[in-house]
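The values are calculated or read from the model by the stated rules, or taken from the named source; none is laboratory data. Everything quoted here is computed from the prediction, not taken from an experiment. Cβ: placed from backbone, ideal geometry, glycine included. Neighbour counts: every protein chain shown. Surface accessibility is based on the protein's heavy atoms, side chains included, excluding ligands, DNA and RNA. Shrake-Rupley method; radii C 1.70, N 1.55, O 1.52, S 1.80 Å.
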Amino acid sequence: MTPEQEISRRKKLVSAAKALLSLQVGLAVGAARIENILSWLGETYQREHPLFAFFIANIPPEIPLGGARLLWRSDLMLETDDRLARIEAKFRRALLGECVKIIDRYDPTSKVE
């Protein structure tokens, strides 16, 4: 990865962290986006921020996320939603805290407290 690519990817990481912290996106979708960007940045970044991968790994594969939810029958999707909400509740504070750390570390002009 070139230095320019790393800078660009860090900006995307900060943007994704801000979107999750402000709850513009749901926890699962936001965490998946952040984990994807971390993988683009490389193993060092993934090791520094393992919570997102751990959270995603704790969501059973039979629970639909993102746009996949629209493809499910509404009654079945809503049944899985209670399970997803419980998982998200366990991780919510830690995920939001990790977003603050990302913003503080990679965007020094931001004032997140």
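Can you pull out the residues in segment 55-76 that are closer than 13 Å to Ala28 by Cβ and of a type in the set (A, V, I, L, M, F, W, C)? Once the filter is applied, which keeps residues that are closer than 13 Å to Ala28 by Cβ and of a type in the set (A, V, I, L, M, F, W, C), segment 55-76 yields Phe55, Ile56, Ala57, Ile59, Ile63, Leu65, Ala68. Total residues in segment 2-24 satisfying the condition of being open to solvent by 50 Å² or more (accessible area, probe 1.4 Å) and closer than 15 Å to Gly66 by Cβ: the figure is 1. Count of segment 17-26 residues, restricted to those that are over 14 Å from Arg105 (Cα atoms) and not in a loop (DSSP other than H, G, I, E, B), is 3. The helices (runs of 4 or more DSSP H) found entirely in segment 27-113 that carry 2 or more residues being out of contact with any Lys or Arg (no Cβ under 6 Å at 6 or more places or on another chain), open to solvent by less than 20 Å² (accessible area, probe 1.4 Å) and small (Gly, Ala, Ser) are 27-41.
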